[in-house]
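Notes follow once the structure below has been shown.
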Amino acid sequence: MAKLILMDGNSIAFRAFYGLPLLTNQSGLHTNAIFGYARLLEKVIKEEQPDYFLVAFDAGKSTFRHKQYTEYKGGRQKTPPELGEQFAPIRKLIDAYGIKRFEHEDYEADDIIGTWTKLADEEKFETIVITGDKDLTQLASEHTKVYITKKGVTDIEVFTPEHVAEVYDGLVPNQIIDLKGLMGDKSDNIPGVPGVGEKTAVKLLKEYGSVENVLGSLDKITAKKLNENLTNNQEIALMSKDLATIYRDMTFDFKLEELKFNNEDSEEKYELFKELEFNSLLDNMEAAEVDEVASFTAERTDTLNDLGDDISIYLEVHDDNYLKAKPEFIGIADKDFVLVKEAAEFDADELSQFLNTRGNVTTYDLKRQVALLNHLNVEFDGFNEDIMLGSFLLNPSKKIIDVAETAADFNVSINSDDFHYGKGRNRKDPSADETKDFVADKVQAIEKVAGPVADKLRADEMYDLWHDLEIPLSKVLVQMELKGIKIKTERLKEMEEELSGRLTEIEEKIYGMAGEEFNINSPKQLGVILFEKLELPVIKKTKTGYSTAVDVLEQLEDKHEIIEHILTYRTISKLQSTYVIGLQGEVTEDSRIHTRFNQTLAQTGRLSSVEPNLQNIPIRLEEGRKIRQAFVPSKEGNVLLGLDYSQIELRVLAAITKDESMLEAFTNDIDIHTKTAMEVYGVALDEVTPLMRRNAKAVNFGIVYGISDYGLSQNLGITRKEAGQFIDTYLESFKEVKQFMHDIVQDAKRDGYVTTLLHRRRYVPDVNSRNFNARSFAERTAMNSPIQGSAADIIKLAMVKYANSEEAQKFNAELLLQIHDELIFDIPESEVEAFIPVIKDIMENAIDIDVPLKVDAGYGTDWYEVK
């Protein structure tokens, strides 16, 4: 028996929308209804295996029922815009599945479905109606089942004639219209008879069978009020029944055969899933397909001579830390050949000569590859393309893991489950032959996706950012990583003793104030001391007791002097464990620390320092600043030189907004915080007090980071209302900044992303969210990302230009670290005065914007003395 599926298009869309949390893709399109739709289609197709399929939609216009009763479906709330924008993609989704869809301006989806169930019943088809509307249960028959979606779209209640009788106490499907005639239907604004609910309606129909029979038996209905209501509303009852009756005699200009469903995955469906970012559905498609690894058709070779001018190369190593580990296998591929050998099999000179004579060399994770080649004594950093960096630019919110994940984004599959080395793997290492095959697949995947990555970057206007900034920067960073920075270990040991003594002193003070000894690091014991013994006000509770989080303790600082000591104790404890002791474990045999710089972590484009993180050494406390005393030049006669961009983010803000007041301040070298205080407080230069400047500074930097009135109130110790007024006054004083903040949010809502001066994208999908907190955060992200991202791009540009400057390279300076807006060099002291103007010129002219960039310089015998 042939099987036909009939789906109520609009009803399912509403069910999916309200049944799933709001989702968006990177372009900002809401996708929760589309995703729910796709999940239901997948479930129905898999479980029912239909031969014919039709989705019926309401055309959204007045139908014959509106002509009969103008208030039909009146009072319904407007479709939320977050759902409305999903109807076109839903129709596109249905088309991608190869499913017929239909709508008619004079009829509803119910009528389309009703007509086809009648036709199918005549042909004795097995028919399944899928809807969220119980009105359609009137269509249940010997051959037709009605699936009512309940919570979301995948929880289904199946209505057969038997189940209709169970639910409605013995009624048959065609009595559903009589039921609606008597009780009405609020969802469709069908009036029914006043005072008649479902229970009464069912009782009447069980006794009299239909609305007409009920009205013809009024003399038998003894309940006075019910009789009165029925008598006075006979026309309304008959009209209500008529409105609830599905019309089943439409004519169509297409035949049954056009509803034929083939259940074949299409390229259109695959591309739509990619566009909508339905990764789980993509995975299911890929799992069902023939493994695409089979499409790697390059011939295996053992000789470099077979490989052409344009190649891809990938070195495999188990260890995550490529600065320490030697490569185990090397894979090289062009469009025709792939070569994989154990690293030990390669001659360093031969490999070096081969690589340095290629025209175009592509890889994945350039820094890693250069470092691994360096372990083999192969000097090569001439990579032209890095698909990892390209992939990150295209999707900065996606975690970078391995070649397989990046390749999958471009429809190239690698079966990497057994070979993805990482922490926590509980399996034996693969054999050499297995790993060779895996490396062969990896390097061929790199070769395959290099073109699509470059094409997509061009389409998104980020090719230059990739090719001219991120790739050259990666070459600079790997040299910094390999050099490392020299550490004076004995200074760290001295500090360890000093801080241990300091912690003991603080402990004794805390114990004295508490009246007893206890474990200060135990939130439970600390909570008892503070909130029971010392009876401080309880700010917040957790599941396990009192909260002693930092924000809680900060609110209690003025309540008892013990709080200040506890906060200091915590800070120094962290300094001791994380940095003073922790850094000692990171020092290598060459007495250096080799941090790694991550280009694919921060969505703003800022570099991150990892293993160890040297960007987060706390410097607000003197004890934290002193940790920098352990970082020293490489040899006698050298110094560490620091060059720091001054207020770069505020300068970028001025350049982007073209705000006249800000431009005037920076152009004339007026202190921007003083200028802001003058504008906000309406005072002259000589009337600006230190407090005014401090407040202005807080709001200046707060604006850069999208600060809220709450955040500013916390920073300044004022009320939220006062902070809000302060921000409002600021924005009225700097009107172009206010306009920028408005416009950039609107751009984000339209495009789904914002960009830096160099076209780096930051996607903000929640900017259209119905959730206030999610939307507010996304709006702040939209405001600050162009500023932070542009600042990050500028210092990266400076690093690349320094590396390419013939004049700068004449000096014996080595770039060691990038710490936020600062560069740290190791240089002979005798060259410092000549080098500073050269490097300042490079940094201050890294980019041409309307605001002068300013760089401050300082140097000393250790990092602590640099400032």
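The values are calculated or read from the model by the stated rules, or taken from the named source; none is laboratory data. It should be emphasised that the depicted structure is a prediction, and the values quoted were computed from it without experimental measurement. Don't worry about glycine lacking a Cβ; one is built from the backbone with ideal geometry, like all the others, and counts go over all protein chains shown.
Here are some notes:
- In the range 311-338, the residues that are of a type in the set (Gly, Ala, Ser) and at pLDDT 95 or above: 312, 331, 333
- Candidates 325, 407 - the one that is of a type in the set (Gly, Ala, Ser), more than 25 Å from residue 476 (Cβ to Cβ) and in contact (Cβ under 8 Å) with a residue 40 or more places away in the chain: 407
- Options 761, 720, 750: the member that is surrounded by fewer than 17 Cβ atoms within 10 Å (Cβ to Cβ) and over 30 Å from residue 555 (Cα atoms): 750
- Residue 485 being touching a helix residue (DSSP H, G or I) at 6+ places or on another chain (Cβ under 7 Å) and buried (at least 17 other Cβ atoms within 10 Å of the Cβ): no
- Residue check, residue 341 in contact (Cβ under 8 Å) with a residue 12 or more places away in the chain, assigned to a helix (DSSP H, G or I), basic (Lys, Arg) and in the same structural domain as residue 411 (by TED's automatic domain parsing): no
- Breaking point among (1) farther than 20 Å from residue 145 by Cα; (2) at pLDDT below 90; (3) not in a loop (DSSP other than H, G, I, E, B), for residue 94: (2)
- Every listed requirement among (1) surrounded by fewer than 16 Cβ atoms within 10 Å (Cβ to Cβ); (2) touching a residue at least 24 places away in the same chain (Cβ under 8 Å) is met by residue 732 save one, (2).
- Test for residue 47: is it surrounded by fewer than 21 Cβ atoms within 10 Å (Cβ to Cβ) and without any contact (Cβ under 8 Å) to a residue 24 or more places away in the chain: yes
- Among the residues of this structure, residue 138 does not count as one that is at pLDDT 90 or above, over 50 Å from the mean Cα position of the chain (by Cα), closer than 30 Å to residue 4 by Cα and buried (at least 21 other Cβ atoms within 10 Å of the Cβ).
- Restricting attention to the range 499-523, the residues that are surrounded by 12 or more Cβ atoms within 10 Å (Cβ to Cβ) and touching a residue at least 12 places away in the same chain (Cβ under 8 Å) add up to 12.
- In the range 253-276, the residues that are in a helix (DSSP H, G or I) never reach a residue that is surrounded by fewer than 10 Cβ atoms within 10 Å (Cβ to Cβ) and modelled with pLDDT of 90 or more with C-beta atoms less than 9 angstrom apart, at least six apart or across chains.
- Among the conditions (1) among the acidic types (Asp, Glu); (2) exposed (fewer than 13 other Cβ atoms within 10 Å of the Cβ); (3) over 32 Å from the mean Cα position of the chain (by Cα), residue 494 misses just one, which is (2).
- On inspection, residue 568 passes the criterion of being among the polar types (S, T, N, Q), surrounded by 15 or more Cβ atoms within 10 Å (Cβ to Cβ) and not in a loop (DSSP other than H, G, I, E, B).
- Residue in the range 218-229 that is among the aliphatic types (A, V, I, L, M) and within 52 Å of the chain's Cα centre (by Cα) present: no
- Residues in the range 842-867 that are assigned to a loop (DSSP other than H, G, I, E, B) and within 29 Å of residue 668 (Cβ to Cβ): 845, 846, 847, 848, 849, 850, 851, 852, 853, 854, 867.
- The residues on offer are 598, 616, and the sole one that is closer than 18 Å to residue 479 by Cα, surrounded by fewer than 20 Cβ atoms within 10 Å (Cβ to Cβ) and not hydroxyl-bearing (Ser, Thr, Tyr) is 598.
- From 601, 643, residue being closer than 23 Å to residue 816 by Cβ, modelled with pLDDT under 95 and not β-branched (Val, Ile, Thr): 601
- Any hit, the range 547-559, residues being more than 16 Å from residue 507 (Cβ to Cβ) and part of a strand (DSSP E or B): no
- Hey, residue 4 closer than 16 Å to residue 97 by Cβ, buried (at least 21 other Cβ atoms within 10 Å of the Cβ) and out of contact with any strand residue (DSSP E or B) (no Cβ under 6 Å at 6 or more places or on another chain) or not: no
- Positions within the range 204-213 being in a helix (DSSP H, G or I) and within 10 Å of residue 179 (Cα to Cα), in sequence order: 204, 205, 211
- Per the listing 517, 505, the residue uniquely in a helix (DSSP H, G or I) and assigned by TED's automatic domain parsing to the domain that holds residue 627 is 505.
- Counted residues, the range 382-404 - those being outside any loop (DSSP other than H, G, I, E, B) and more than 13 Å from residue 760 (Cα to Cα): 6
- Residue in the range 813-820 that is part of a helix (DSSP H, G or I), in contact (Cβ under 8 Å) with a residue 40 or more places away in the chain and not assigned by TED's automatic domain parsing to the domain that holds residue 612 present: no
- Residues in the range 382-396 that are over 30 Å from residue 276 (Cα atoms), surrounded by fewer than 19 Cβ atoms within 10 Å (Cβ to Cβ) and touching a residue at least 40 places away in the same chain (Cβ under 8 Å): 384 alone.
- Only listed residue being over 41 Å from the mean Cα position of the chain (by Cα), among the charged types (D, E, K, R) and not in a strand (DSSP E or B), chosen from 145, 180: 180
- Tally of residues being of a type in the set (Gly, Ala, Ser), closer than 19 Å to residue 571 by Cβ and under 43 Å from the mean Cα position of the chain (by Cα) across the range 498-546: 2
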